[in-house]
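The values are calculated or read from the model by the stated rules, or taken from the named source; none is laboratory data. Note that this is a predicted model, so its numbers are computed, not measured. All Cβ positions, glycine included, derive from the backbone under ideal geometry; neighbour counts span all protein chains shown. Ligands, DNA and RNA are stripped out before the accessible areas are found, and what is left, the full protein with its side chains, is counted by its heavy atoms. Shrake-Rupley method; radii C 1.70, N 1.55, O 1.52, S 1.80 Å.
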Amino acid sequence: MWNKFVIFCFYAFFRLWARLFPARPVSLSRLKLERILVFSAAGIGDTLTDSVAIGALREAYPLARITVVTHTRRAMLVEHNPCAGSIVRYRKSLLQFFRLVKKLRAVHPDAIVMLRGNDPDLWPLAYMVNRHAIVSCPVMTRFKFLISHPVEIPDWDLTHGVEQTLQIVRALDAETENKKLIYEVKEWEANAVFEKAGEMGIDLRQSVVFQLGGGRRSTWRDWPAVYYAELGNLLLQNYNVTLILTGGPEHEEKARFVIESIPNQPVVSMIGRLSLDEVAAMLSWCPILVSTDTGVMHIGFAVCRSVLALIHCNNPASRVGPYGYDDQHRVAQVEPPPGEPVSI
């Protein structure tokens, strides 16, 4: 209730403020873009999807200073994107809002590119920094009246995430032929996780990873444990590999079920043993990742040799699946029951 009240106050205040101090949209084609401020503050998958648009900006403006505002919990994803310059960590709070306004104004951005933001106060934040050059798609926010340069994407819900944000940066004449997600594992990270696995008797080069699910809020996208166990049995009966299980703390019971269903076989749970960047480093060694629609699935697209993506029909592969990888990764798309529309 408190959050709704705060957002209502923000909405009412900035609705009035925008009328008193309206934006004077600058001509983007005439801007000399030396400082670009990019907002990419959504989930893991969305932040990685945004990496392609950031790469396009870097290709178009190789000498520009690109500052990326991202959620504190997702900062490591941007840190592994060499196309990003400096990083500003965002955490939702009223005090943090005003601190960030001051900090971002010091950047003096020529243009602000709002790719994604889970929190509605990010658009008012951008408005307070440079209201005359905000490029974004209005469909993402109720604060659309604060966007000085709206990029209309009528088929937003039917467009792949990579293309969604690429259409936004095209307003700044940024484009790229490389549509692959950008996440570069550092050499020392790869070596460290390889040694860590070796101490456990695991050769990551001969290991298959099962990501057992996503977050607590999207459990409808998950795959039942019994199916993971069945696939694991088939895999270990036919190939000389180790099966590694990953996931969050909420998947520990699921991992135990899989291990107990595959007795006397090389199955190891890494739940709680690896940070997210260590999982990424591990996947850079492994030949195959099997995952539902999770942040780890998107990391796998970027760094793993091959991913089998198990995609739910309510969030189809045409929006969240591998994009720009040809046949490197494969998709198993769950089809909706006959006669039932797909909910998107």
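For Arg15, the conditions (1) closer than 21 Å to His132 by Cβ; (2) touching a Ser or Thr at 6+ places or on another chain (Cβ under 8 Å) are fulfilled apart from (2).
Against the conditions (1) out of contact with any Phe, Trp or Tyr (no Cβ under 7 Å at 6 or more places or on another chain); (2) of a type outside the set (Phe, Trp, Tyr); (3) over 16 Å from Leu289 (Cβ atoms), His160 satisfies every one except (1). Looking at (1) in a helix (DSSP H, G or I); (2) open to solvent by 10 Å² or more (accessible area, probe 1.4 Å); (3) within 28 Å of Ile288 (Cα to Cα), which one does Tyr228 not meet, given that it meets all the others? Every listed condition holds for Tyr228 apart from (2). When restricted to residues that are among the acidic types (Asp, Glu) and over 16 Å from Ser86 (Cβ atoms), segment 97-120 contains 1. Among the residues of segment 210-225, at least one is polar (S, T, N, Q), surrounded by 20 or more Cβ atoms within 10 Å (Cβ to Cβ) and within 19 Å of Arg305 (Cα to Cα). When the residues of segment 280-319 are narrowed to those that are open to solvent by 30 Å² or more (accessible area, probe 1.4 Å) and modelled with pLDDT under 95, which ends up nearest to Gly43 (Cα to Cα)? Among those that are open to solvent by 30 Å² or more (accessible area, probe 1.4 Å) and modelled with pLDDT under 95, it is Arg319. Cβ separations smaller than 8 Å between residues 6+ apart or across chains give the following pairs from segment 176-196 residues that are exposed (fewer than 15 other Cβ atoms within 10 Å of the Cβ) to residues that are not in a helix (DSSP H, G or I): Asn178/Gly324; Lys186/His80.
If you filter segment 95-123 down to residues that are out of contact with any strand residue (DSSP E or B) (no Cβ under 8 Å at 6 or more places or on another chain) and within 25 Å of Gly161 (Cβ to Cβ), you find that the one that is modelled with the lowest pLDDT is Pro120. A search for C-beta distances below 8 Å between a residue of segment 106-122 that is at positive phi and any residue that is open to solvent by 20 Å² or more (accessible area, probe 1.4 Å), counting only pairs 6+ apart in sequence or on different chains, returns His108/Arg35.
Taken over segment 76-105, the residue count meeting the criterion of being aromatic (Phe, Trp, Tyr) and either open to solvent by less than 30 Å² (accessible area, probe 1.4 Å) or touching a residue at least 60 places away in the same chain (Cβ under 8 Å) (or both) is 2.
Each residue in segment 237-254 was checked for being in a helix (DSSP H, G or I) and in contact with a Lys or Arg (Cβ under 8 Å, 6 or more places away or on another chain), and 1 pass. When Val139 is tested against (1) buried (at least 21 other Cβ atoms within 10 Å of the Cβ); (2) hydrophobic (A, V, I, L, M, F, W, C); (3) part of a helix (DSSP H, G or I), only condition (1) is not met.
Farther than 21 Å from Cys9 by Cα, open to solvent by 30 Å² or more (accessible area, probe 1.4 Å) and of a type in the set (D, E, K, R): is that true of Arg65 in this structure? Considered against the rule, which asks whether it is farther than 21 Å from Cys9 by Cα, open to solvent by 30 Å² or more (accessible area, probe 1.4 Å) and of a type in the set (D, E, K, R), Arg65 comes out as yes. Within segment 142-155, the residues that satisfy the criterion of being of a type in the set (A, V, I, L, M), under 26 Å from Ala64 (Cα atoms) and not in a helix (DSSP H, G or I) are Ile147, Val151.
The residues listed here are Asp222, Asp277, Asp203; of these, the one that is closer than 22 Å to Pro322 by Cβ and at pLDDT 95 or above is Asp277.
Elements of the type helices (runs of 4 or more DSSP H) sitting completely within segment 34-127 and holding at least 3 residues that are closer than 28 Å to Tyr325 by Cα and of a type in the set (Asp, Glu): these cover 44-60. Scanning segment 12-34 for residues that are in contact with a strand residue (DSSP E or B) (Cβ under 7 Å, 6 or more places away or on another chain) and open to solvent by 70 Å² or more (accessible area, probe 1.4 Å) turns up Pro25, Glu34.
Based on this model, can you work out whether Ser86 counts as among the small types (Gly, Ala, Ser), modelled with pLDDT of 90 or more and farther than 25 Å from Phe301 by Cβ? Criteria met by Ser86.
To keep it simple, each residue is scored yes or no on (1) within 17 Å of Lys179 (Cβ to Cβ); (2) under 17 Å from the mean Cα position of the chain (by Cα).
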{"position": "Arg15", "(1), (2)": "no, no"}
{"position": "Val38", "(1), (2)": "no, yes"}
{"position": "Thr49", "(1), (2)": "yes, yes"}
{"position": "His71", "(1), (2)": "no, yes"}
{"position": "Ser86", "(1), (2)": "no, no"}
{"position": "Lys92", "(1), (2)": "no, no"}
